[in-house]
Each structure stands twice: as C-alpha cells, then as structure tokens.
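The values are calculated or read from the model by the stated rules, or taken from the named source; none is laboratory data. Please read all numbers here as calculations on a predicted model, not as lab measurements. Cβ placement follows ideal geometry from the backbone for every residue including glycine, while neighbour counts extend to all protein chains displayed.
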Amino acid sequence: MDSWQGRVNSPAVSELTIAVVSHELEFARSLMDRWHAERAIPKFVLLVDAEAPFNPLPECDLVVVGGVSAERLSPVLKLLNPSARPLICVTAVGEYQQVRESFPHLLLLRRDEFWTDNVLVLASECMRRHHTVARAQRAEQMLTANQGYVTLGKYVVEMRHNINNALTSVLGNAELLLLTPESFPGEACDQLRTIRNTALRLHEIMQRFWSLEAEMQTVARNSPEAEKLPRAVGARQFGT
C-alpha cells in the first residue's frame, strides 16, 4: 500500500489536523496506532467522551467519526456539519446499510478487519480533492481580480489612436509655440518646454506599450496551440 505521505503532499502531512470523534476509546486508539505506522503523521484532536459537547468542533482539516451507534449518529453529524469539511464515518458492519439509507451522501466505511487501512486511503483522497478544490477557488479569485486589469488593457488598446492623436496635438502645439520664445515670458517658455518633454515621454511609453503588444501577438501566433488550430480546422473542412 502506498504511504499516506506519498498520497497527500500538499500541505505537509505533519501540518494537517485530524479530529477523531468517537464514543469508544478503542476506536481512536486503533486509528492512531495505524496512522503512527506511516512515515508522516498528522496532528490529532480526540473527542471520545460520549457526554461532552463538541460544538463548535476544534479547527481541523478532516474529521473521522466512528464507534457511534446508528441511533446516536444523526445528532453527532448535525453537530459536526459534514458540509463544512471532509468527514469520514466508520460504522459497524451490521449497521452500515441503515446508516447508508439515512445518510446517502456520507463518506461511509464498514468497521471490518481492514477499516483502519481503508480510512487512510479514503482520507488521502478526501484531502487531495479538498486541496484541488481550494486551489481552483483561489485561481478563480485571482482570475476575477485580474479581470479588471484585462478590461483596462483592452480599453487602452482600443483607445491608442485617440491617445496618439492627443499626444501629437499637445506635442505639436508646444513645438509651434516654442518657435517664437520671445513672444512669452521666460517662465511661460519653461512651462512650454515641460509640456513638450512630458508629451515626448508619454509618446515613448506608448510606443513601448505597442511594441509589447506586437511581441505578445507574435508569441501567440507562433505558439504550438496556435499552430494546431489551422491544421485542426483544415482536417474538419476536408474530412481527413
């Protein structure tokens, strides 16, 4: 069997916290003993007192419930809120079907001779899926945050001719006025030169921007994905 460390690698297994909820101390002991046979061991939070309330549940990455009778399982799960975090439930073999009918969407395992191994396998898959979903959500948030910059960039590209025309007008008028500097006080001439130099700098910045845009378009045209597209379109057209 692959190790728990090999199956779950992000974040580090030692940084994970697993809550074990049970009304049997033996259940928690067996599960922890099995986990300690692995090279990497998570942290554990034990909730094994049948009478002690555990709401809210301590901060954890995964919950394992077991050693709880079928009739007492429902209130336990309501307190744990299975939708809040990955949750695995281990039930007695004879109670498995009853629990399955009552909780059809619950991650459920039979407490047979292999149950500790099965918990580790299922736990690794739960955490892998949980991390994948979390990464996807972060990527979606970043995409949303960057969408505003994309929109701004598209607007600047679309407005480049207007920007160039405005800069040309400012620069041309400043140069024209500076042809007769004697017509203006010295301070006014200095201001005109500042306007001209600023317009030149803005023009240079815009030229760099257009060069960058052209480079990006060239890279996009020469990318492997862009090369595949005409061939794929041609294959569909000629039925090859």
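Annotations
- Residue count for the stretch 130-170 satisfying the condition of being in contact (Cβ under 8 Å) with a residue 24 or more places away in the chain and within 25 Å of Ala84 (Cβ to Cβ): 2.
- Residue within the stretch 123-134 that is among the basic types (Lys, Arg), closer than 30 Å to Arg29 by Cβ and under 34 Å from the mean Cα position of the chain (by Cα) present: yes
- Leu47 being modelled with pLDDT of 80 or more and under 23 Å from Arg128 (Cα atoms): no
- For first residues located in the stretch 61-72 and in contact (Cβ under 8 Å) with a residue 40 or more places away in the chain and closer than 21 Å to Arg85 by Cβ, partners that are among the charged types (D, E, K, R) and assigned to a helix (DSSP H, G or I) and lie 6+ apart or on another chain with Cβ distances below 9 Å form the pairs Asp61/Glu15; Gly67/Glu26.
- Where helices (runs of 4 or more DSSP H) fall wholly inside the stretch 71-183, the ranges with 2 or more residues that are loosely packed, with under 13 Cβ neighbours inside 10 Å and modelled with pLDDT under 80 are 115-158.
- Contacts under 8 angstrom Cβ, first residue in the stretch 186-197 being under 15 Å from Leu176 (Cβ atoms), partner among the acidic types (Asp, Glu) and surrounded by 12 or more Cβ atoms within 10 Å (Cβ to Cβ), 6 or more apart: Arg196/Glu175
- Among the residues of the stretch 81-90, at least one is over 28 Å from the mean Cα position of the chain (by Cα) and within 18 Å of Leu120 (Cα to Cα).
- Each residue in the stretch 1-44 was checked for being of a type in the set (A, V, I, L, M, F, W, C), modelled with pLDDT under 60 and assigned to a loop (DSSP other than H, G, I, E, B), and 3 pass.
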